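Peer 1: My structure is below; once you've seen it, I'll send some questions.
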Amino acid sequence: MLIVHVHVQVKPECVEAFKAASLDNARLSVQEPGIARFDVIQQADDPTRFVLVEVYRNDEAPAAHKEKAHYTKWRDTVADMMAVPRQSTKYRNVFPDDAGW
């Protein structure tokens, strides 16, 4: 499993629009065979900060995800909503192992 945390800081006036676009993207993303989980989380003490937690079944799934129309729509829709460029960090799961998913 490959887990990607995408950190996003949104302009205050764009929070609700960002959430709506990201929820649409997440709902479609979890239908992809290569995606095990796709969470949109919002920081409790700063509503302009989000983390997208993307859990991929294999190393090829992120590239396949980025080819989907719903991803490119999300990317283009939220581009001007970000206060700073988004950043991502990649992780490998230690526990649970693949059998737990």
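Every read-out reported here was derived from the displayed coordinates using simple, explicitly stated rules and does not represent laboratory data. Every value quoted in this text rests on a predicted model; they were computed, and no experiment measured them. Reconstructed Cβ throughout: ideal geometry from the backbone, glycine too, with neighbour counts over all protein chains shown.
Peer 1: Identify all residues within the stretch 32-52 that are part of a strand (DSSP E or B) and within 11 Å of residue 15 (Cα to Cα); write none if there are none.
Peer 2: Result: 42, 49, 50.
Peer 1: Restrict the check to the stretch 10-31 and report whether at least one residue is surrounded by 15 or more Cβ atoms within 10 Å (Cβ to Cβ), assigned to a strand (DSSP E or B) and in contact (Cβ under 8 Å) with a residue 12 or more places away in the chain.
Peer 2: Looking through the stretch 10-31, at least one residue is surrounded by 15 or more Cβ atoms within 10 Å (Cβ to Cβ), assigned to a strand (DSSP E or B) and in contact (Cβ under 8 Å) with a residue 12 or more places away in the chain.
Peer 1: Take the residues of the stretch 32-46 that are touching a Lys or Arg at 6+ places or on another chain (Cβ under 9 Å) and loosely packed, with under 14 Cβ neighbours inside 10 Å: which is farthest from residue 66 (Cα to Cα)?
Peer 2: That would be 43.
Peer 1: Then there's this: Consider residue 26 against the criteria (1) touching a strand residue (DSSP E or B) at 6+ places or on another chain (Cβ under 6 Å); (2) among the small types (Gly, Ala, Ser); (3) within 16 Å of residue 90 (Cβ to Cβ): it satisfies all of them except one. Which criterion is unmet?
Peer 2: Of everything listed in (1) touching a strand residue (DSSP E or B) at 6+ places or on another chain (Cβ under 6 Å); (2) among the small types (Gly, Ala, Ser); (3) within 16 Å of residue 90 (Cβ to Cβ), residue 26 misses just condition (3).
Peer 1: Would you be able to tell me the number of residues in the stretch 61-77 that are touching a residue at least 40 places away in the same chain (Cβ under 8 Å), part of a helix (DSSP H, G or I) and farther than 15 Å from residue 23 by Cα?
Peer 2: Result for the stretch 61-77: 2.
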